[in-house]
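**Student:** This is the structure I have questions about; it appears just below.
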């Protein structure tokens, strides 16, 4: 699998593995599925792995670390996130997590973008993973805490980078505007943009991607299937878009995209990955997966050649922007 270098020389594979599913996203993931997921990703050439304390209140970090410790540390890149501390909550231990993960509600998440909170978060993540270091640290969803996160929070991450604790720092968010503002305010290296640069949503093209290109900031594109609407050759009637039922007009637009793709012998998911990788600022596409079959499918899609005519026909039909081509 191809790699792309960031400005500090970090090599990311075109396809990265998101590991929310290792934290029991929506349903329990068995240990056999965990092992098969990482083994298949490794065999497919994937060497970039992303996790977070939020994913299963630490379960994803523990499971990913256990799998990666079987490999040579110099052979992979791993990122985690800061901003949600995990705090013991014995009073809710008998309940299930209410934020989408099939895990007990002990510990609980506590927002904290202070310097001390971030240093504590990194130390605890290192303990959970059992790794000696992280390559990338992201501020995680700082939308409602942006002032502190974009000053004290990112300052703490830059301090860790300057000390050599981590190679690159930035933020991961579901909105492009705040990521662009963070790039303006701070010396960040990389950002993760979820769902705002896809075949159906090109918000990031307005400001974030041009600014990232100008400043040499790498962009990791996540959620390129927009919660499932772009994950099939044809959208299901009950398809989701950004975690909500997809509006009829977006289903219709996806079917128009599918018409063009099929005329060139490729599928919507193939194009969904390739579209974002065409932008020069994008350094990787991160896709979540559970089990070997899903990883294999994503890897095959990511390496499917897309004829130039697909982009030309989509642009002619007004279905994508070609401003960055």
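**Student:** Name the pairs: first residue in region 244-259 and loosely packed, with under 11 Cβ neighbours inside 10 Å, second residue at pLDDT below 95, Cβ to Cβ under 9 Å, at least 6 apart or on different chains?
**Tutor:** 244/227
**Student:** Which number in (1) in contact with a helix residue (DSSP H, G or I) (Cβ under 8 Å, 6 or more places away or on another chain); (2) under 24 Å from residue 51 (Cα atoms); (3) without any contact (Cβ under 8 Å) to a residue 60 or more places away in the chain marks the one condition that residue 226 misses?
**Tutor:** Every listed condition holds for residue 226 apart from (1).
**Student:** Determine which member of the set 4, 8 is in a strand (DSSP E or B), more than 17 Å from residue 71 (Cβ to Cβ), in contact (Cβ under 8 Å) with a residue 40 or more places away in the chain and touching a strand residue (DSSP E or B) at 6+ places or on another chain (Cβ under 8 Å).
**Tutor:** That would be 4, the only listed residue that is in a strand (DSSP E or B), more than 17 Å from residue 71 (Cβ to Cβ), in contact (Cβ under 8 Å) with a residue 40 or more places away in the chain and touching a strand residue (DSSP E or B) at 6+ places or on another chain (Cβ under 8 Å).
**Student:** Still on this structure, please answer the following. If we scan region 277-285, do we find a residue that is in a loop (DSSP other than H, G, I, E, B) and touching a strand residue (DSSP E or B) at 6+ places or on another chain (Cβ under 8 Å)?
**Tutor:** Yes, because at least one residue in region 277-285 is in a loop (DSSP other than H, G, I, E, B) and touching a strand residue (DSSP E or B) at 6+ places or on another chain (Cβ under 8 Å).
**Student:** If you scan region 11-55, which residues turn out to be in a helix (DSSP H, G or I), under 19 Å from residue 105 (Cα atoms) and touching a helix residue (DSSP H, G or I) at 6+ places or on another chain (Cβ under 6 Å)?
**Tutor:** Correct list: 22, 23.
**Student:** From 142, 107, 88, grab the single residue that is out of contact with any strand residue (DSSP E or B) (no Cβ under 6 Å at 6 or more places or on another chain), at pLDDT 95 or above and farther than 19 Å from residue 194 by Cβ.
**Tutor:** Answer to the check: 88.
**Student:** Would you point out the residue of region 264-276, among those that are surrounded by fewer than 21 Cβ atoms within 10 Å (Cβ to Cβ) and touching a helix residue (DSSP H, G or I) at 6+ places or on another chain (Cβ under 8 Å), that is farthest from residue 46 (Cα to Cα)?
**Tutor:** Among them, the one singled out is 264.
The rows are residues; the columns are (1) under 13 Å from residue 17 (Cα atoms); (2) touching a helix residue (DSSP H, G or I) at 6+ places or on another chain (Cβ under 8 Å).
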| position | (1), (2) |
| --- | --- |
| 279 | no, yes |
| 283 | no, no |
| 290 | yes, yes |
| 295 | yes, yes |
| 302 | yes, yes |
| 309 | no, no |
| 312 | no, no |
| 315 | no, no |
| 319 | no, yes |
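**Student:** Got a number for residues in region 265-300 being closer than 20 Å to residue 197 by Cβ, within 18 Å of the chain's Cα centre (by Cα) and without any contact (Cβ under 8 Å) to a residue 40 or more places away in the chain?
**Tutor:** 2
**Student:** Do we find that residue 83 is closer than 19 Å to residue 172 by Cα, under 17 Å from the mean Cα position of the chain (by Cα), buried (at least 17 other Cβ atoms within 10 Å of the Cβ) and in contact (Cβ under 8 Å) with a residue 24 or more places away in the chain in this structure?
**Tutor:** Yes.
**Student:** Then there's this: What about residue 258, is it more than 18 Å from residue 5 (Cα to Cα) and either in contact with a helix residue (DSSP H, G or I) (Cβ under 9 Å, 6 or more places away or on another chain) or in a helix (DSSP H, G or I) (or both)?
**Tutor:** Judged against the criteria, residue 258 is a match.
**Student:** Just to be sure before I move on: is residue 97 surrounded by 17 or more Cβ atoms within 10 Å (Cβ to Cβ), in contact (Cβ under 8 Å) with a residue 24 or more places away in the chain, more than 24 Å from residue 31 (Cα to Cα) and touching a strand residue (DSSP E or B) at 6+ places or on another chain (Cβ under 9 Å) in the structure I sent? Full working, then the answer.
**Tutor:** Details: surrounded by 17 or more Cβ atoms within 10 Å (Cβ to Cβ): yes; in contact (Cβ under 8 Å) with a residue 24 or more places away in the chain: yes; more than 24 Å from residue 31 (Cα to Cα): no; touching a strand residue (DSSP E or B) at 6+ places or on another chain (Cβ under 9 Å): yes.
No; evaluated as a whole, the condition is false for this residue.
**Student:** Pick out the one residue from 103, 122, 165 that is under 26 Å from residue 27 (Cβ atoms), touching a residue at least 12 places away in the same chain (Cβ under 8 Å) and surrounded by 15 or more Cβ atoms within 10 Å (Cβ to Cβ).
**Tutor:** 103
The values are calculated or read from the model by the stated rules, or taken from the named source; none is laboratory data. In this text, all values refer to a predicted model and were calculated from it rather than measured experimentally. So basically every Cβ, Gly included, is an ideal-geometry build from the backbone, and we count neighbours across all protein chains shown.
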